[in-house]
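Q: I am attaching a structure below and will ask some questions about it afterwards.
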Amino acid sequence: MTAEEIALGVGVPGIVDSKNGIVVFQNNLNWENFPIRERLQATFPGVETIRMDNDVIHAGFAEWKASGLSAEESLVFLTVSTGIASPIFEGGVPTRGRGLAGELGLVPVRTQDRTKTERLEFVASGSALQEKARVRYGDATMTTALLFENYEKKEEQAVAIIDDFFRFFNAWDLCDCFTG
């Protein structure tokens, strides 16, 4: 790429095929085998290079770069947002699987009453927190930002929701699903 070349970088949540410029699956946008590179080339004909990857891989790489780590060092990046992901970088290069960014949100965990198993992102993502807060407060306009503001004020309902959230990241609770 030359200094004059116009390029575009795209971070997409979900499963992506970076090489072919396709979003294999993105549940929030209801995309399956979506030809994003082709669509962007049609929309921006002056763009000569379009590079894409999973959004969390982009974020993790930015952290790796900003941290000043050497090529011999590793980084495990964790993001809790609409989902939960944790890519691993060795020397700035993400470990690749099936196009996912270490989708930790797919790990099974026991529900609070320990009677069933759910995916971690269904009980501990930002989306899950917002939904729990809306139900607990009886307020359809409740946001995770307001929930955390209430938590900082030590408001009882918010503390209970956030404490439950942290329980799902307890290694023993995660392991319990695998050992029964």
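Q: On the basis of being surrounded by 15 or more Cβ atoms within 10 Å (Cβ to Cβ), farther than 28 Å from Met52 by Cα and among the aromatic types (Phe, Trp, Tyr), does Phe165 make the cut?
A: When the stated conditions are applied, Phe165 passes them.
Q: Any idea which of Val23, Val16 is under 18 Å from Val93 (Cβ atoms), in contact (Cβ under 8 Å) with a residue 12 or more places away in the chain and buried (at least 16 other Cβ atoms within 10 Å of the Cβ)?
A: After ruling out the rest, the residue left standing is Val16.
Q: Counting only residues that are without any contact (Cβ under 8 Å) to a residue 40 or more places away in the chain and not β-branched (Val, Ile, Thr), how many does segment 105-121 have?
A: 8
Q: I would also like to ask the following. Out of everything in segment 30-45 that is in a helix (DSSP H, G or I) and open to solvent by 50 Å² or more (accessible area, probe 1.4 Å), what residue ends up being nearest to Asn20 (Cα to Cα)?
A: Only one residue tops the list, namely Glu38.
The values are calculated or read from the model by the stated rules, or taken from the named source; none is laboratory data. Because the structure is predicted, anything quoted here is derived from the model rather than measured. Neighbour counts are summed over all protein chains in view; Cβ atoms, including those assigned to glycine, are modelled from backbone coordinates with ideal geometry. For the accessible areas, the whole protein counts, side chains as well, though only heavy atoms, and no ligand, DNA or RNA atoms are used. Shrake-Rupley method; radii C 1.70, N 1.55, O 1.52, S 1.80 Å.
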